[in-house]
Each structure stands twice: as structure tokens, then as C-alpha cells.
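The structure's right below; bear with me while I get my questions together.
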Amino acid sequence: MTEIEKILSKDRLEVADFERILSIEDAEELEILRSAAFEKCERERGDRVFLRGLIEFSNVCSCDCYYCGIRCSAPVERFELSREKILRAAKISAKSGLGSIVLQSGERRDEKFISKLVDTIKIIKRGTITDVPPQGVGITLSVGEQSLVTYERFFEAGAHRYLLRIETSNEDLFRTLKPRKQTFESRVRALEDLKKAGFIVGTGVMVGLPGQKIGDLANDVDFFRSIGADMIGSGPYLPSENAILSESIDVKRNFELSLKMIACTRLALRGVNIAATSALETVSNRGREIGFRFGANVAMPLATPKSSKYGYELYSGKAGVNSTPEENFKLALDEITAAGRKFEPNVYGDPLTGTGNL
Ligand code: 5AD
């Protein structure tokens, strides 16, 4: 057995192992890592991949994260989809067999925003009831840090999964990403509150942030495990013309490192859902397919109606913005098949964490 094979065959990987895995440069070692992660995914999750229709319903945001293309001080035109438009996008997803959707927007905590979203969740749940899934589509939210009470209202309304990336688990690095009032502490608390409210919780990081070390990424994987994350979505950090953290980004390196992060996360955590992110697809037009080969089992093709999605560029050149939802679903399906996986239609596709099914 080679050194890397020995590491990968351990029952429990430690941070030093993550660091070794993430430092792999040798092509043979990389293939050993890839196939170990792919096999673990297969063992735990079978050969199925789940798709969620991603509905980016508003780019209005009160945060000013330095890496983000829609931060509040970016000079972009702001939009907000009506309940009807969001419902229509949800119905298109359901009709195409996507059993779940993701509602994503900029972060806002005003009551107008919150009550509209509560309403929208209820409307979608009711409006997408068919034989499969009988309770309407599964709803994942990705609308930033909110209070525990707000999370409870969203959950009560019918959403049951929530994505909130920690972005980095290194507190010093975190401070370079956001204005002072957006603290690491409150982000961790938000993740805890989401669990308290009953949500299946997803988190993740950006890979290749300026100043981020391999050791930081190794600690990120350990962080995912220590908070008991159910879902992980990590992707390459990409340039955005409106970001102020854009100097010297090595997109190719970030892409390759993101694949190693997917594999490492798959090997470190049990039963989780791992996303092949849109950022991977943006770097390479078969990026998600490669993500599936490295152990990802979820993708979130864009389901936002064509006319309204111009304004949601977290980074430049985001994949899927010039095609219809149906075209985006079709591409994701092709990628699933090409990676030797199968699409599982009309199910929520929850992770197996906390189900006792492992
Ligand atoms: N590059 C890559 N990912 C980004 N995000 C925001 N800006 C960028 C960027 N420039 C990611 C963040 C956020 C998610 C919705 O999008 O990780 O949590």
C-alpha cells in the first residue's frame, strides 16, 4: 500500500490527513483520492444524484462582503421577483422532476422581506402538490443570517433545509472578507440556531481566497464535521468586477483545489449531501460532472426565469445565466449521466445524517 492509500483506508481521518490529501499534486495520487471518494459516495448514497432548481429571487442585500458581486455597495441594478414569478419557477422545476428547489437571495432582515418569504414558502408548498412529492417540493433556503425566531417562522412555513456558508473557519481570514460588524461569532451562532429551529443545515467555504492556506481548508473540513453539518457546498473563489478582493486569483488552481475539497469532505463526513457547485461549472463547462466524479451527489441548476436573472452575479460569467431553466436542467442531467450516475426524480433527496440509515 502506498502512503496515500494507507491514509485513505483509515477509519477516521484527522486534520493532518486532510492537509496531506489537499496537498496532493501527483496525478496518480489524485486518481486514488478521486476513486476513494467516489466509492464512498456510492457506498453511502448509491449511484443517485439529486437536483434542486435554484431560484435567485432577489439581489437586494444589506451586507457588504468584499468578495461578492452583489454586495450592497456594488453599482448593480436591484431586482426582486414577485411571489407569482417565484411560484412559476418552482412549478417549472417540479414539472421537470426536480423534487426540491433552493430559494436564494441577498441578506435582509426587515419584516417586509421575512413575511413575504414566509408567504412565498407556503404558496410554493401548496402550489406544487402532486402525487410525487405529495407535500409539494422540498424547499431549501439560502437567505443569510437571520434570528432564531425568523428561522422558526421559515421552518413552520414549510422550508426544511438551509444553506449558510461559513466562508472560512479561520477567524482572522474571515475578518478580511467582511466589514467589522459581520462577525464570525454571529455566523457560527446562526448555524447553531438553524439546527435549533429544526433545519437540515448546509455550510461550506470558498476555496482559494487571498491569504487562505491549505491548513485553513483542512481546518474547514474539521469544522464541517465538528458542527455536524448535513450538507456541504464549497466552490472555487472567482473574480467579480464588483468585488474588492479580486487581486491575483488563480482560477485553475482554485478549481482543482475545490475538487480535492469535495473528495476530502466526502471521506471525512458520513451520509452528507455534497454539491457540485455552479462556481465549478463556471470555470469549466463540465465542472459539475467532474465534481460528481470526486464524490458530489447534488447540483443546483439555475431555475430563475431568463428575463430576471441578469442581476444576480456573485462572480463574473456565472454559468447558466443565458439559458432557460429547462436547458439548464438538461445540461445537469447530461453531466450526471456522463459521470456514471443517475438522476433521482421527484424526491426531496435529504442527506442521511441523523436518519440512522448509515
Ligand atoms: N466567488 C465564488 N463564490 C462566491 N460567493 C460569493 N461571491 C463569490 C465569489 N466571488 C459565494 C459565497 C456565498 C455563496 C452564495 O456564493 O460563498 O455564500
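The values are calculated or read from the model by the stated rules, or taken from the named source; none is laboratory data. Keep in mind it's a predicted model, so treat the numbers as computed, not measured. No Cβ is skipped: glycine too gets one built from the backbone with ideal geometry, and neighbour counts run over all protein chains shown. Heavy atoms of the whole protein, side chains included, go into the accessibility calculation; ligands, DNA and RNA do not. Shrake-Rupley method; radii C 1.70, N 1.55, O 1.52, S 1.80 Å.
Does the range 204-216 hold any residues that are on the phi > 0 side of the Ramachandran plot and open to solvent by 50 Å² or more (accessible area, probe 1.4 Å), and which are they?
G211
Okay, moving on. Would you pick out the residues in the range 125-150 that are of a type outside the set (A, V, I, L, M) and either under 19 Å from the mean Cα position of the chain (by Cα) or within 14 Å of the ligand (Cβ to nearest atom) (or both)? It would help to see each step written out before you state the result.
Initially, the range 125-150 is screened for residues of a type outside the set (A, V, I, L, M), giving 125-128, 130-131, 133-136, 138, 140, 142, 144-147, 150.
G138, T140, S142, G144, E145, Q146 - these are the residues of the range 125-150 that are of a type outside the set (A, V, I, L, M) and either under 19 Å from the mean Cα position of the chain (by Cα) or within 14 Å of the ligand (Cβ to nearest atom) (or both).
Considering only the range 232-264, state which residues are open to solvent by less than 30 Å² (accessible area, probe 1.4 Å), away from the ligand (no atom under 13 Å from the Cβ) and more than 12 Å from V205 (Cα to Cα). Step through it out loud before you land on a result.
The first filter runs over the range 232-264 and keeps only residues open to solvent by less than 30 Å² (accessible area, probe 1.4 Å), leaving 232-238, 240, 243, 245, 254-255, 257-264.
Next, only the ones that are away from the ligand (no atom under 13 Å from the Cβ) stay: 259-260, 262-264.
Across the range 232-264, the qualifying residues are L259, K260, A263, C264.
Same structure, new question: Of all residues in the range 280-306, count the ones that are touching a residue at least 60 places away in the same chain (Cβ under 8 Å) and within 12 Å of the chain's Cα centre (by Cα).
So in the range 280-306, the residues touching a residue at least 60 places away in the same chain (Cβ under 8 Å) come out as 292-305.
Then drop every residue that is not within 12 Å of the chain's Cα centre (by Cα), which leaves 296-301.
Number satisfying all stated conditions: 6.
Sort out which residues of the range 299-358 are surrounded by fewer than 19 Cβ atoms within 10 Å (Cβ to Cβ), within 16 Å of the ligand (Cβ to nearest atom) and more than 16 Å from T277 (Cα to Cα), and write them in order of number.
Matches in the range 299-358: G311 only.
Taking the conditions exactly as written (buried (at least 22 other Cβ atoms within 10 Å of the Cβ) and within 16 Å of the ligand (Cβ to nearest atom)), does L173 satisfy them or not?
Numbers: buried (at least 22 other Cβ atoms within 10 Å of the Cβ): no; within 16 Å of the ligand (Cβ to nearest atom): yes.
Criteria not met by L173.
Exactly one condition in (1) within 16 Å of the ligand (Cβ to nearest atom); (2) open to solvent by 10 Å² or more (accessible area, probe 1.4 Å); (3) among the aromatic types (F, W, Y) is not met by Y162; state its number.
For Y162, the exception is condition (2).
Still on this model: Look through R153, R180 and report the one residue that is away from the ligand (no atom under 16 Å from the Cβ), open to solvent by 10 Å² or more (accessible area, probe 1.4 Å), assigned to a loop (DSSP other than H, G, I, E, B) and out of contact with any Asp or Glu (no Cβ under 8 Å at 6 or more places or on another chain).
Details: R153 fails: assigned to a loop (DSSP other than H, G, I, E, B).
The conditions single out R180.
Could you tell me which of the residues V188, V201, V221 is in a strand (DSSP E or B), open to solvent by less than 40 Å² (accessible area, probe 1.4 Å) and among the aliphatic types (A, V, I, L, M)?
V201
Residues in the range 49-81 that are touching a strand residue (DSSP E or B) at 6+ places or on another chain (Cβ under 9 Å) and in a loop (DSSP other than H, G, I, E, B): how many? Before the answer, list the steps.
Our first condition is that a residue be touching a strand residue (DSSP E or B) at 6+ places or on another chain (Cβ under 9 Å); within the range 49-81, this holds for 49-61, 65, 67, 78-81.
Checking which are in a loop (DSSP other than H, G, I, E, B) leaves us with 59-61, 65, 67, 78-79, 81.
So the count comes out to 8.
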